[in-house]
Number of protein chains: 6
Amino acid sequence: MFLQRATWPEVESYLERSTGIVVPIGSTEQHGPTGLIGTDAICPETIAAGMAEAGILVGPTLSIGMAQHHLGFPGSITLRPSTLMALVGDVVTSLSVHGFTHFYFLNGHGGNIATVNAAFAEIWAQASLAQRSSDLRMKMGNWFAGQRVRALARELYGDADGSHATPSEIALTWHAYPDLARDEALDPVRPPDGPIRDAADYRKHFPDGRIGSEPHRAKPEHGKRFYEAGLADALEDYRRFAGADSR
Amino acid sequence: MFLQRATWPEVESYLERSTGIVVPIGSTEQHGPTGLIGTDAICPETIAAGMAEAGILVGPTLSIGMAQHHLGFPGSITLRPSTLMALVGDVVTSLSVHGFTHFYFLNGHGGNIATVNAAFAEIWAQASLAQRSSDLRMKMGNWFAGQRVRALARELYGDADGSHATPSEIALTWHAYPDLARDEALDPVRPPDGPIRDAADYRKHFPDGRIGSEPHRAKPEHGKRFYEAGLADALEDYRRFAGADSR
Amino acid sequence: MFLQRATWPEVESYLERSTGIVVPIGSTEQHGPTGLIGTDAICPETIAAGMAEAGILVGPTLSIGMAQHHLGFPGSITLRPSTLMALVGDVVTSLSVHGFTHFYFLNGHGGNIATVNAAFAEIWAQASLAQRSSDLRMKMGNWFAGQRVRALARELYGDADGSHATPSEIALTWHAYPDLARDEALDPVRPPDGPIRDAADYRKHFPDGRIGSEPHRAKPEHGKRFYEAGLADALEDYRRFAGADSR
Amino acid sequence: MFLQRATWPEVESYLERSTGIVVPIGSTEQHGPTGLIGTDAICPETIAAGMAEAGILVGPTLSIGMAQHHLGFPGSITLRPSTLMALVGDVVTSLSVHGFTHFYFLNGHGGNIATVNAAFAEIWAQASLAQRSSDLRMKMGNWFAGQRVRALARELYGDADGSHATPSEIALTWHAYPDLARDEALDPVRPPDGPIRDAADYRKHFPDGRIGSEPHRAKPEHGKRFYEAGLADALEDYRRFAGADSR
Amino acid sequence: MFLQRATWPEVESYLERSTGIVVPIGSTEQHGPTGLIGTDAICPETIAAGMAEAGILVGPTLSIGMAQHHLGFPGSITLRPSTLMALVGDVVTSLSVHGFTHFYFLNGHGGNIATVNAAFAEIWAQASLAQRSSDLRMKMGNWFAGQRVRALARELYGDADGSHATPSEIALTWHAYPDLARDEALDPVRPPDGPIRDAADYRKHFPDGRIGSEPHRAKPEHGKRFYEAGLADALEDYRRFAGADSR
Amino acid sequence: MFLQRATWPEVESYLERSTGIVVPIGSTEQHGPTGLIGTDAICPETIAAGMAEAGILVGPTLSIGMAQHHLGFPGSITLRPSTLMALVGDVVTSLSVHGFTHFYFLNGHGGNIATVNAAFAEIWAQASLAQRSSDLRMKMGNWFAGQRVRALARELYGDADGSHATPSEIALTWHAYPDLARDEALDPVRPPDGPIRDAADYRKHFPDGRIGSEPHRAKPEHGKRFYEAGLADALEDYRRFAGADSR
Ligand code: NI
Ligand code: NI
Ligand code: NI
Ligand code: NI
Ligand code: NI
Ligand code: NI
């Protein structure tokens, strides 16, 4: 069930059986010479579609994340961490008005992790400082870090998965958009790895945008397997989180 | 051309021929008993897809807008105006780093208008207060307010279009999602009209969410006509805005 | 009745018969070679004085507004939209502590409209997100947009009223400050019209500050007529807003 | 010379001979059973009018200040310190765009002192943190704390001047608005003194709003003397501040 | 009793006998060629240690204050006033959750005074605007401004104490860190005095960092006397503030 | 070398040989029935003292961190994430004015990790959005997560180290404050483990404050070993970070 395609009475009904919601969150940022700028949003959105089919309510994708380090590459957009925190805070607070209590942010971008967790803390801090008890439970699940997905990535690419513009995520975007698959060699085959700082520094050290990855290893048929692994990981994690025995 | 489905070298190439971009912006809010919660995002996103086909770069949809007055209905999400201003500011500033100069926000939600215009002023104010000259041009275009769309709405529904959960917008969502079309009578046929204040007041005065509209007048076949009218309006307005003679 | 010239027990008494207040809001910005920098504050303040005579409580004039585009001309002052929103929020919240519920901002400056409406939404959003019902009613009334005033401007100046440094507003300031009236030809007679962006762009396209207006058409005797028309418009609008049957 | 009643070319001319400006700043707050709510704004505005006559540019009065402790009395308005800081920052930054360098805030309200000084520091901090040299000089002058005014208050009222709703300031408002003078005994003659905290605490300890003052000692004829003393103090202080040898 | 070296049950017990706490607050900023950068934090921390011995709970030292004007000298750190206000607000609000009501900030830095007082007002304003009664009492005590300390400084140094990098404070740091005492002549003996603005201006007018002071007059044995005077001043002031009869 | 005990000329000299600095950062929060509230600040401060002996400049300890979840226990203080981000931003920006480029935050509190990393991103985002290249390198090192420390904790306590109020950290505080060591049994021996949410939830699930730890296993003599392991870990990590070959 997709929030955007539901009516309010349908959401009202949903709330009678569950107060949990999945919010896909990604980024709009370069993914190397061949990866899609929307990769980090498309991946969790694709997996979340499977969760929606399983009857879980899925909110609108937050397509823009914290990607300041990618601004050296055309098309990348960042929210400052403070903006992203305000955004997450408003989304959670709005939905809590209706009775939602369990917020599962299905994430596609490593750069969001610190900020979104800080956002959760900011929300809880409001309650804690106001001496209120909060019934909000928030969790970030990274689709790329689930057990099944990591096993599959290791099996298919070993350490060629790298850490940005990975063949794993690129294969998954090809599952979502088969027409966009490409078979293109990259030079160098394996770009360098290293720490992330500001945009100018990033562009200097990672001139084509990739970090340690060989995205050309991705194959369209891998994408389906990542989808299935990612969905199984996410469903399992979400159900544990949102279940009656959720502590 | 969709930003999310492009690579950064493709955006680099696009910038050689244009520094304009369309950003669909909507809302996640109740649209009466039968309208989709995502209506205000789906409408501009649908029209923007036509603009993308025409070669214009279309950014990710900002699906959540300023909808505080709808929070009395399950599923509605709002950004506070201050949050939405920060969001719009970061999007524009990020893209300006790459050389984008013309930002056309294709909007689907009346509640966004004041805030997004305030956001534009906040961005320009930074330049004006810093004694910098800005090359940023920002405009909000409301798909529902174009000449062709308004003529069509008048023709099809007269004053039954109302001002929220209008048959116009609902017909357009059915063009985007034909399976979601429904034929459902509503009671009362014509709900009241009036000013908008906070969420509790809204729910009290507009108990099913509609304001002055008869959405059941929408027909799936209208949707295609709204799409065509909306696209023609938007293309015309965008081209005037982004053209070489844009003053 | 002016708030600034009342004592607190007098305000306490006023609240027994009305919980409405008028707050004049303007701007401090260039008004062409001959117009006063305070024009946009003086106009609503002058009309509000008539409302005060009619027994309505009138708060202190907010003399500085959102005027970033005028910063290319000496003497102009702007508040960033975010600052103006905070200011309006604090004024409304403070007065609501005493039981005021109806806030009528009598405005003299087009550049304030988006921001002040965003400020209203920010205030209501606090209630809506906190699941509180708000009893606050806020409205912005633009003195220059009332029916009588617009008819008078059309009658006296036709399209020579333009959109900034208009003869209408200048005539009204001469009603307030007769000694400041002047009879000065301007060159060109009719300056250009066009969109507003940042301050440098504004100065470049509107070199003497006027937009499409011929302020030298203003005559001192017009001022009195604008005052009367503006007062009638404002009283009518305020009474509808603040009346017992105000929905 | 009043900024609000000048044109931009006149301000441009003024800047050729001086880059200093006076900004009256006050408050909108209860001043006991007989004092005007606008007292703290009226006083510096009145004295500043004398400075304007002496050829000094006087900006619009900032009529609302930091008065949270007065919110227990009808009609009082406060800006949060953070709002007032943003306001002062925008005023100074706007005027610095035109070349103003010396900002003299003529203040009528003790409650503004800490916040406005913090605002000055916030402005300078921006330059200091950006490794820029700032040419801005900002000073707050309290009309009630000048040497001549204090001597006069001591002479006329001794310790009956108290610290809020003082006969000094009330006499000065009667100089500005002679019609509003009153001769009213208050009970108790001398209200208590003590520290200031939040609004509820203030109302509890200072039930009629006064702190240690006997405003009924004020006489209309005192007002003129306070005006003259205040003007002499302010002119002297401003000239020292804005003079060529201003260090 | 030091908060940092206590356990939570010990704090729980403390709250049964007192709801007051001392928070030392200082700055990290140059103190002339021979003074320690931490002088303004070390001084109140040293005196607060004596208060802790007397059974008063002492919180962690806020070592960084508002010192924008010192940024021209290596090692200086500033918080913007807005940051320091947020910090003070969070400290007070956090401790108020546990039942603390009396907050005594023992301060070592003149540059903190305006901002911390603005922070107190911001905290009280939240209550006042929310129509809540606050039980929070906040006071800033400047160790260097107590009666005994000022008498001692006058006795030892007369007007050579100056206003920054004073022999008084330097002597006290030598009491805290005897090994750091030095006997070093400075040239000029007496540096200039004058107003404080941004960092570049400060460095230009006070090239070695001192303002009007002769720190080389400090002697290690003075430090003990300042400690004793400062402790007596602080204990007296704190007890008056936190006492049962604290109004 | 400690910043607080240095003079500005000494810092100037230091900058000639190094532009790196260590900033200890901790928290003020309950650490179970027997642990010190300052544990998370004392630990990194203690290790940083060893770094200072090795000639590295050590800034003032940031003693208060993000600890909203601990507010259910007397004495705990939190900064909201947004406040902590502002604080870290001001510290880094201030020091960068003097030429510092490498900021190593030696951290003692897991709850700070997300927020401080978000703060780093906020700082870099300013450069990236302004199209500036930043020379700032920021890293957070957690003393408790170094290789040697983790091996020692495993060796001494196995899984009894738990995740809050661990014997590792408590032993280290006893190394710093031997007089505060205690030998106290706790009941239950092993408290529960689980996710962290707001303060009320925390107190309910972890009634004495500990999470999964057996702090009574700590012995004073362990503290010295943790100090040595922590110092070796931190020196190694800092030197790699700050070294000439630091990429
Ligand atoms: Ni990615
Ligand atoms: Ni709609
Ligand atoms: Ni105007
Ligand atoms: Ni007063
Ligand atoms: Ni000092
Ligand atoms: Ni700990």
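The values are calculated or read from the model by the stated rules, or taken from the named source; none is laboratory data. Quantities reported herein were computed from a predicted structural model and do not represent experimental measurements. Cβ sites come from the backbone with ideal geometry, for glycine too, and all protein chains shown count toward neighbours. These area figures cover heavy atoms from the full protein model, side chains too; ligands, DNA and RNA do not enter into them. Shrake-Rupley method; radii C 1.70, N 1.55, O 1.52, S 1.80 Å.
Okay, here's what the table says:
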| quantity | calculated |
| --- | --- |
| Wholly enclosed helices (runs of 4 or more DSSP H) of region D:140-247 bearing at least 3 residues within 16 Å of the chain's Cα centre (by Cα) and at pLDDT 95 or above | D:147-157, D:167-176, D:220-242 |
| Conditions (1) within 16 Å of D:T46 (Cα to Cα); (2) of a type outside the set (K, R); (3) away from every other protein chain (no Cβ under 13 Å); number of the one not met by D:E236 | (1) |
| Which numbered condition E:A41 misses (of (1) aliphatic (A, V, I, L, M); (2) within 14 Å of chain F (Cβ to nearest Cβ); (3) surrounded by fewer than 21 Cβ atoms within 10 Å (Cβ to Cβ)) | (3) |
| Considering residues of region D:100-119 that are more than 7 Å from chain E (Cβ to nearest Cβ) and without any contact (Cβ under 8 Å) to a residue 40 or more places away in the chain only, the residue nearest to ligand 1 (Cβ to nearest atom) | D:A119 |
| Residue check for E:T34: within 17 Å of E:F241 (Cβ to Cβ), touching a residue at least 24 places away in the same chain (Cβ under 8 Å), polar (S, T, N, Q) and surrounded by fewer than 24 Cβ atoms within 10 Å (Cβ to Cβ) | no |
| Selection from region E:218-245 of residues that are out of contact with any strand residue (DSSP E or B) (no Cβ under 8 Å at 6 or more places or on another chain), of a type in the set (A, V, I, L, M), touching a residue at least 12 places away in the same chain (Cβ under 8 Å) and closer than 30 Å to D:G194 by Cβ | E:A229, E:L231, E:A232, E:L235 |
| Failed item, numbered, when B:A176 is tested on (1) more than 22 Å from B:G50 (Cα to Cα); (2) of a type in the set (A, V, I, L, M); (3) open to solvent by 10 Å² or more (accessible area, probe 1.4 Å) | (1) |
| Filter pass, C:H205 being without any contact (Cβ under 8 Å) to a residue 60 or more places away in the chain and open to solvent by 10 Å² or more (accessible area, probe 1.4 Å) | yes |
| Qualifying positions in region E:208-247 - of a type in the set (D, E), surrounded by 14 or more Cβ atoms within 10 Å (Cβ to Cβ) and over 30 Å from E:G99 (Cα atoms) | E:D208, E:E214, E:E228 |
| C:G38 vs. criteria under 18 Å from C:G230 (Cα atoms), away from ligand 4 (no atom under 16 Å from the Cβ) and in contact with a His (Cβ under 6 Å, 6 or more places away or on another chain) | no |
| Test for D:G65: is it more than 7 Å from every other protein chain (Cβ to nearest Cβ), assigned to a loop (DSSP other than H, G, I, E, B) and in contact with a helix residue (DSSP H, G or I) (Cβ under 9 Å, 6 or more places away or on another chain) | yes |
| Positions within region F:120-160 being in contact with a strand residue (DSSP E or B) (Cβ under 6 Å, 6 or more places away or on another chain), at the interface with another protein chain (Cβ under 9 Å from one of its Cβ atoms) and of a type in the set (A, V, I, L, M), in sequence order | F:M138 |
| Unmet criterion (only one of (1) aliphatic (A, V, I, L, M); (2) part of a loop (DSSP other than H, G, I, E, B); (3) within 8 Å of chain B (Cβ to nearest Cβ)) for A:L95 | (2) |
| From A:T83, A:T115, residue being touching an Asp or Glu at 6+ places or on another chain (Cβ under 7 Å), in a helix (DSSP H, G or I), away from ligand 3 (no atom under 16 Å from the Cβ) and not small (G, A, S) | A:T83 |
| Criterion violated by D:A67 - all others in (1) touching a Gly at 6+ places or on another chain (Cβ under 6 Å); (2) open to solvent by 10 Å² or more (accessible area, probe 1.4 Å) satisfied | (2) |
| Matching entry among F:G72, F:G55 (being more than 10 Å from every other protein chain (Cβ to nearest Cβ), open to solvent by 10 Å² or more (accessible area, probe 1.4 Å) and either assigned to a loop (DSSP other than H, G, I, E, B) or within 18 Å of F:L87 (Cα to Cα) (or both)) | F:G55 |
| Every residue from region D:5-31 that is at the interface with chain C (Cβ under 8 Å from one of its Cβ atoms), crowded, with 24+ Cβ neighbours inside 10 Å and touching a residue at least 12 places away in the same chain (Cβ under 8 Å) | D:T28, D:Q30, D:H31 |
| Subset of region D:101-117 that is open to solvent by 10 Å² or more (accessible area, probe 1.4 Å) and under 15 Å from D:L87 (Cα atoms) - its residue that is nearest to ligand 6 (Cβ to nearest atom) | D:A114 |
